[in-house]
Amino acid sequence: MVARAPFDLVGRTALVTGANTGIGQGIALALAEAGATVVAAGRSSMAETVAMITNAGGHCLPLAVDLQQSGIAAEAVARASEAAGPLDILVNNAGIIRRADALDFSESDWDEVMNVNLKASFFLSQAFAKAALAAGRTGRIVNIASLLSFQGGIRVASYTASKSGLAGLTRLLACEWAQHGINVNAIAPGYVESNNTQALRADADRNAAILARIPAGRWGKPSDIGGAAVFLASDAAAYVHGAIIPVDGGWLAR
Ligand code: NAP
């Protein structure tokens, strides 16, 4: 009997934003290991990610794109598909965080976070879905949400607003596009070791408080997030729409 391979991504093409480091790099590697050709997009060098994927026997193409730039989304999707072929998978991973008390929060820290985390994710999704519909293809969108899609947090007003907004957007796009065969879902990572959480890990008190609350007893690693991305991108998730899957060491269960 031939074994089914419902998580197999051979022949699929994935665009992953913010793939040079952290969670995006972990997801890019996991998708490539499952067989996808990965377009690794972002504003920094993708050399490390390309090398990791190539060494693992996979295919990875770099794409230079700064998601702060207004109107860049359609161009980014067009350039990615010119380089790698029509896209099957979009992972909206790129994200930034700014920390300040709400009373002191600046307009630039609001705008810059919303631009990358929410606005770019929406317009990349729109461009991806338009291209898929025009070509009569289906697709998978995986948004990288957060625990702060469910919780308030402190000192990260624009981040919480953006990630709560991204959860809502995931549900809205799922409702509009499920009928077209485009699955829109999200992953909500817990506390993961990356540049994003460097300040928290450097603060001994916050680090200890966070660790004490994680049932798994450790910070997550970028590689912990890849499996959920492969699942959501694969045939195994064909009937999953509008879900936000926590990958958090049990944080939300507590
Ligand atoms: P990270 O290491 O700081 O990665 C963020 C990625 O986004 C980097 O590749 C970064 O590129 C890219 N990026 C930022 N601004 C960009 C722009 N203007 N144009 C293109 N790319 C841009 O942090 P991470 O933890 O891996 O974060 C990845 C995602 O996971 C984010 O959406 C974050 O909010 C989310 N998340 C993280 C955690 C966590 O605990 N770490 C938890 C929940 C959710 P550069 O390297 O060039 O800055």
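Among the residues of the stretch 34-51, the one identified as within 14 Å of the ligand (Cβ to nearest atom) and over 21 Å from V77 (Cα atoms) is E48. Going through (1) buried (at least 22 other Cβ atoms within 10 Å of the Cβ); (2) out of contact with any helix residue (DSSP H, G or I) (no Cβ under 9 Å at 6 or more places or on another chain) one by one, A40 falls short only on (2). Sort out which residues of the stretch 124-145 are open to solvent by 10 Å² or more (accessible area, probe 1.4 Å) and either β-branched (V, I, T) or farther than 26 Å from G71 by Cβ (or both), and write them in order of number. Result: G136, T138.
Among the residues of the stretch 65-81, those that are open to solvent by 60 Å² or more (accessible area, probe 1.4 Å) and more than 9 Å from the ligand (Cβ to nearest atom) comprise S70, G71, A74, E75, R79.
Within the stretch 234-249, residues that are within 24 Å of V10 (Cα to Cα) and in contact (Cβ under 8 Å) with a residue 24 or more places away in the chain reach partners that are open to solvent by 60 Å² or more (accessible area, probe 1.4 Å) and part of a loop (DSSP other than H, G, I, E, B) with beta carbons closer than 6 Å, at six or more positions or on different chains, in the pairs S234/F7; A236/F7. Does the stretch 3-33 hold any residues that are in a loop (DSSP other than H, G, I, E, B) and either open to solvent by 20 Å² or more (accessible area, probe 1.4 Å) or away from the ligand (no atom under 16 Å from the Cβ) (or both), and which are they? Passing the criteria: A3, R4, A5, P6, F7, D8, L9, V10, G11, R12, N20, T21. Within the stretch 114-125, residues that are farther than 15 Å from V16 by Cβ have Cβ atoms under 9 Å from residues that are away from the ligand (no atom under 11 Å from the Cβ) and among the hydroxyl-bearing types (S, T, Y) in these pairs: M114/S158; N115/S70; N117/S158; K119/S70, counting only partners at least 6 apart in sequence or on another chain. Need pairs with beta-carbon distance below 6 Å; first residue touching a residue at least 24 places away in the same chain (Cβ under 8 Å) and part of a helix (DSSP H, G or I) and within the stretch 160-174, second open to solvent by 10 Å² or more (accessible area, probe 1.4 Å) and β-branched (V, I, T); sequence gap 6+ or separate chains. What qualifies is A167/I244. Taken together, G57, G71, G85, G24 contain a single residue that is at positive phi and in contact with a strand residue (DSSP E or B) (Cβ under 7 Å, 6 or more places away or on another chain), which is G85.
Among residues of the stretch 164-182 being surrounded by 14 or more Cβ atoms within 10 Å (Cβ to Cβ) and of a type in the set (S, T, N, Q), the one that is nearest to A209 (Cα to Cα) is S164. So, of the residues in the stretch 183-235 that are over 21 Å from S149 (Cβ atoms) and hydroxyl-bearing (S, T, Y), which turns out to be most open to solvent (accessible area, probe 1.4 Å)? The extreme case among them is S223.
Taking the stretch 82-94 as the range and being open to solvent by less than 40 Å² (accessible area, probe 1.4 Å) and not hydrophobic (A, V, I, L, M, F, W, C) as the test, the residues that pass are G85, D88, N92, N93. If the condition is being open to solvent by 50 Å² or more (accessible area, probe 1.4 Å) and closer than 17 Å to A243 by Cα, then the stretch 146-163 contributes F150, Q151.
Taken as a whole, the structure leaves A243 outside the set of residues that are away from the ligand (no atom under 11 Å from the Cβ), under 28 Å from R171 (Cβ atoms) and open to solvent by less than 20 Å² (accessible area, probe 1.4 Å). In the stretch 89-111, of all residues being farther than 24 Å from G22 by Cβ and among the aliphatic types (A, V, I, L, M), the one that is farthest from the ligand (Cβ to nearest atom) corresponds to L103.
Would you pick out the residues in the stretch 40-76 that are within 18 Å of the chain's Cα centre (by Cα) and in a strand (DSSP E or B)? Within the stretch 40-76, A40, A41, G42, C60, L61, P62, L63, A64 qualify.
The values are calculated or read from the model by the stated rules, or taken from the named source; none is laboratory data. In this text the structure is predicted, and so the values were computed from the model without any measurement. Cβ coordinates were reconstructed from backbone atoms using ideal geometry, including for glycine residues, and neighbour counts include every protein chain displayed. To get the accessible areas, we keep the full protein, side chains included, count just its heavy atoms, and leave off ligands, DNA and RNA. Shrake-Rupley method; radii C 1.70, N 1.55, O 1.52, S 1.80 Å.
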